[in-house]
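Data block below; observations after.
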Amino acid sequence: MFKVNQDYLKLPGSYLFSTVARKQREYQAAHPEAEIIKLSIGDVTQPLAPAIVEALHGAVDEMAHAETFHGYAPDLGYEFLRSAMAKNDYQAKGCDINADEIFISDGAKEDCGNIQEIFSKDSKIAVCDPVYPVYVDTNVMAGRTGTYDAATGTWSNVIYMPCTKETNFAPEIPEETPDIIYLCFPNNPTGSTITKELLQKWVDYANKNGAVIIYDAAYEAFITEENIPHSIYEIDGAKEVAIEFKSYSKTAGFTGVRCGYVVIPEELKGYTKNGEKISLNKLWNRRTCTKFNGTPYITQRAAQAIYTEEGQKQIRENINYYLENAKIIREGLEKAGFKVYGGVNSPYIWLKIPEGMTSWEFFDKLLDEANVVGTPGSGFGPHGEGYFRLTAFNTKENTVEAIERIKNLFLQ
Ligand code: MLT
């Protein structure tokens, strides 16, 4: 009799955003007349920029002719795109990253989930609390997290780093030393950022303690303020300790097109059980060539268009559109009496919910009485309880309407 991977049975019944979507569907079925506004999962609403659409059409046309047809893409990505990424996202910003250190994928979520495969099963992970659930759930699947304590919502082998309003939602160095440290800035879900000085402390800590930092920079394009790092490689010593993820999902409206990338610098070495140094770039290369047949050619041509002058201008307009929504949400919620965080360098707004309610109760109230869907803070971890996340990715009209409804509900 075959057996299933027992570690999967330890996972919460369903993935956070699937639970939220199911509740929305059920409510809609019971109330067909309700005009629900979705500010829950961070899914974009603005169409692709014209420069990207043009590149897509061009690439599709190429596929229609034998002379320009493309089969399998290179496993690690086309040189034309890897070079554009290295040049524009790193070298132009003073970071010494080259094309060979970049691996193109079909999205940062997949990379965030898969990266743990190249580390030893007994590695100790440290995560921010609250946290993007993918980091923890994929380590649960890999059997790395120990047992679950339902009362606290924590795993016995995971180091949770509380991110509270007292620390501006940044983590503090934990007492116990982790092997793998997951950081995400601008942060999902709190929308907080990290200063260069603080990030330097983490890089120094990782260098001193032989830890690796998994740095999720999926939201860096939303940074509007100075002295906030757009990449961990702006920090001295980061190439020796950090892997970075980037995504076009929110930056260029690619949630449905799917393209992201991982940076693993040549300098980054792990250790074998005999203590020999080994290149993580080589391990990830081996893994990628075995398990992935490359991001589609047409997608990579679309991504290349992001780096043209027109492309840059057009995606910036979309990012500013969402940042304007974030401002509408922030200011509206403040008027409704909420304490609000994030939304300045991030598309996520993190609000303190009224005392005496759980974040799922707040979710139900908002859905039922304002027909607005958000994401309960507790879904991101124990320290998310008492908070609620809204996203700025809907249309401006829907965002304004949602905030009016929330104001009407709470200002009565
Ligand atoms: C979110 O809402 O947290 C994101 O859209 C999830 C993701 O990017 O996978």
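Give me the percent of DSSP beta bridges within the chain that run antiparallel, rounded to the nearest 5.
Values: 23 of 41 bridges.
So the antiparallel bridges in the chain amount to around 55 percent.
With +1 assigned to the C-beta of every Lys and Arg and -1 to the C-beta of every Asp and Glu, and no other charges, what is the dipole magnitude of region 301-412 about the Cα centre in debye, to the nearest 20?
Values: 13 positive and 15 negative charges, 58 e Å.
So the dipole magnitude of region 301-412 works out to roughly 280 debye.
Could you check how much of the accessible area of the chain is carbon and sulfur, as a whole percent, using a 1.4 Å probe? Show your work: numbers first, answer last.
Numbers: 9310 of 18290 Å².
Answer for the chain: carbon and sulfur cover 51 percent of the accessible area.
Region 154-186: which GluC sites (Glu not before Pro) are DSSP loop and have at most 15 other beta-carbon atoms within 10 angstrom?
On the way: sites: Glu166, Glu172, Glu175, Glu176; in loops: Glu172, Glu175, Glu176.
Loop-located and lightly packed - Glu172, Glu175, Glu176.
Can you list the lysines whose alpha carbon is less than 17 Å from that of Lys313, not counting same-chain residues fewer than 8 positions off?
Lys250
Once phi is turned into θ = phi - 60°, what whole-Hz ³J(HN,Hα) does the Karplus curve with 6.51, -1.76 and 1.60 give for every residue of region 265-281, x standing for Gly and Pro?
Ordered by residue, 3J(HN,Hα) equals x, 4, 5, 7, 10, x, 10, 7, 5, 8, x, 7, 7, 9, 6, 6, 4 Hz.
Using DSSP to define loop residues, name the GluC sites (Glu not before Pro) in region 193-268 whose beta-carbon has at most 11 other beta-carbon atoms within 10 Å. Each step should come with its number before you reach the end.
Values: sites: Glu197, Glu220, Glu225, Glu226, Glu234, Glu240, Glu244, Glu266, Glu267; in loops: Glu225, Glu226, Glu266, Glu267.
Answer in residue order: Glu225, Glu226.
In deg cm²/dmol and to the nearest 500, what is the mean residue ellipticity at 222 nm of the chain if only DSSP H runs of at least 4 residues count, each as -39500 (n - 2.57), divided by the residue total? Before the final figure, lay out each step's value.
Details: 11 runs with 141 residues, N = 412.
Taken over the chain, the calculation gives -11000 deg cm²/dmol.
Would you mind calculating the gained length between Gln6 and Thr358 on full extension (0.36 nm times residue separation, minus the Cα-Cα distance), in nm to one decimal? Before the final figure, lay out the partial values.
Working: separation 352, 0.36 × 352 = 126.72 nm, distance 3.09 nm.
Extra length available between Gln6 and Thr358 comes to 123.6 nm.
Looking at the chain, identify the longest residue range that excludes and avoids all chymotrypsin sites (Phe, Trp or Tyr not before Pro) in DSSP loops having at most 16 other Cβ atoms within 10 Å. Mind showing how you got there, number by number?
Working: sites that count: Phe2, Tyr15, Phe69, Tyr72.
Free of exposed loop sites, the longest segment is 73-412.
Exposed loop sites here are trypsin sites (Lys or Arg not before Pro) in DSSP loop states with at most 12 other C-beta atoms within 10 Å. What is the longest stretch of the chain lacking them? The partial results should precede the final answer.
Working: sites that count: Lys3, Lys121, Lys273, Lys339.
Value returned for the longest uninterrupted segment is 122-272.
Hey, which aspartates and glutamates would be in cross-link range of Lys335, C-alpha to C-alpha under 16 Å, not counting anything within fewer than 8 residues on its own chain?
Partners within reach: Glu401, Glu404.
Hey, what do the phi angles of region 96-108 turn into as Karplus ³J(HN,Hα) couplings, whole Hz, using 6.51/-1.76/1.60 and θ = phi - 60°, x for Gly and Pro?
For region 96-108, the Karplus-derived couplings read 8, 10, 10, 4, 5, 9, 10, 10, 7, 9, 9, x, 6 Hz, x marking Gly and Pro.
What is the extension gain from Asn88 to Ser120, computed as 0.36 nm multiplied by their sequence separation minus the C-alpha to C-alpha distance, in nm to one decimal?
Values: separation 32, 0.36 × 32 = 11.52 nm, distance 3.37 nm.
Additional length available on full extension: 8.2 nm.
Could you give the nm distance between label points at Ala64 and Glu276, where each point is 7 Å from its Cα heading toward the beta carbon?
It works out to 5.4 nm between the two label points.
Run through region 306-396 and list the GluC sites (Glu not before Pro) located in a DSSP loop whose Cβ has at most 16 other Cβ atoms within 10 Å. Mind dumping the intermediate values first?
Working: sites: Glu309, Glu310, Glu317, Glu324, Glu331, Glu334, Glu355, Glu361, Glu369, Glu385; in loops: Glu355, Glu385.
Taking region 306-396 and a limit of 16 other Cβ atoms within 10 Å, the loop GluC sites (Glu not before Pro) found are Glu355.
Give me the accessible area per residue for the chain, probe 1.4 Å, as a whole number in Å².
On the way: 18290 Å² over 412 residues.
Normalised by residue count, the accessible surface of the chain is 44 Å².
For Glu267 and Lys365 in the same chain, what is the full-extension length gain: residue separation times 0.36 nm, less their Cα-Cα distance, in nm? Can you show the working numbers first?
Values: separation 98, 0.36 × 98 = 35.28 nm, distance 5.08 nm.
Value of the extension gain: 30.2 nm.
Asp216's amide H: which non-local residues (gap 5+, or another chain) put their own amide H closer than 5 Å, with H modeled 1.01 Å from N in plane and none for Pro or chain starts?
Here Leu183, Cys184, Phe185, Phe245 satisfy the definition.
How large is ³J(HN,Hα) for each residue in region 113-127, as worked out from phi by the Karplus curve 6.51 cos²θ - 1.76 cosθ + 1.60 (θ = phi - 60°), to whole Hz, x for Gly and Pro?
x, 7, 4, 4, 4, 8, 10, 4, 5, 8, 5, 9, 9, 10, 10
The values are calculated or read from the model by the stated rules, or taken from the named source; none is laboratory data. Being a predicted model, the structure only gives us computed values, none of them experimental. Counting neighbours? That spans all protein chains shown, and the Cβs are built from the backbone with ideal geometry, glycine included. Calculation scope for accessible area: heavy atoms of the full protein, side chains included, ligands and nucleic acids excluded. Shrake-Rupley method; radii C 1.70, N 1.55, O 1.52, S 1.80 Å.
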